[in-house]
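K.L.:
Quick one: the structure is below, and I'll ask about it shortly.
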Amino acid sequence: MNKTTYCLVGIICAWSSQVIATNIQAELLNCAKTSDSLQRLVCYDNVVHTMTEKVDVIESATLQESKELPKVAALPATPAPSSEILAERKPMDPEESFGAERQYIKKEQVDEVRFTVKSVTKTTRGKLKVSFENGQIWQQKDTDNFAKYVAGDIAIIKRGVFDSFYMKKPDANRTIRVKRIK
């Protein structure tokens, strides 16, 4: 195949996808006009079903054309990591890796941990920085100042959504948002 054939195939695919998009848009507008919610849902399902069929037809046509393309030389494989790098990744227990998932590879996940407070300091902005006996340091992220921690207190840190963590005392219902800094 020559360059003009490839150009024609590309133009036809682009044009057909534009036609499909305008047809789907018109069908969706017709579905939106339906007053009965069940009929509207069925209409939307039918539009999506026909859309996937049309996309499958276009993809199969482009795949057949791409099979006829000349082969490109394969890139060399990347070398496996050395034993030194693998030795650096020592397995950690779930409690020690709690809150540091982005720093280490996670295997087991804990939703809640209990630590004993070693020391509490405040940052220049007045936020708590809590050090625990196991060496972890957690810093307050929000601005609530109701939390009072002293050395020897037990703190519960729970996992929230989107990699957030909340700390509270066992006998309290109020939490503060925290992040692990060490």
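What follows is calculated from the coordinates using simple rules that are stated; it is not laboratory data. For clarity, every value in this text was computed on a predicted model and none was experimentally measured.
K.L.:
Counting alpha carbon pairs within less than 8 Å and at least 6 residues apart, what relative contact order, in whole percent, applies to segment 99-182? All intermediate terms of the calculation are to be shown ahead of the outcome.
P.N.:
Working: 153 pairs, mean separation 24.9, N = 84.
About 30 percent, as a whole number.
K.L.:
Same structure, new question: I need the shape label for segment 92-180. Rule: rounded when a/c is under 1.5, else prolate if a/b > b/c, else oblate, with a, b, c from the alpha carbon gyration tensor. Before the final figure, lay out the partial values.
P.N.:
Details: a/c = 1.59, a/b = 1.49, b/c = 1.06.
Prolate shape, in that a/c is at least 1.5 and a/b is the bigger ratio.
K.L.:
Figure the gain on full extension for Thr52 and Phe146 (residue separation times 0.36 nm, minus the Cα-Cα span) and round it to one decimal in nm.
P.N.:
Values: separation 94, 0.36 × 94 = 33.84 nm, distance 5.42 nm.
Difference between extended and current length: 28.4 nm.
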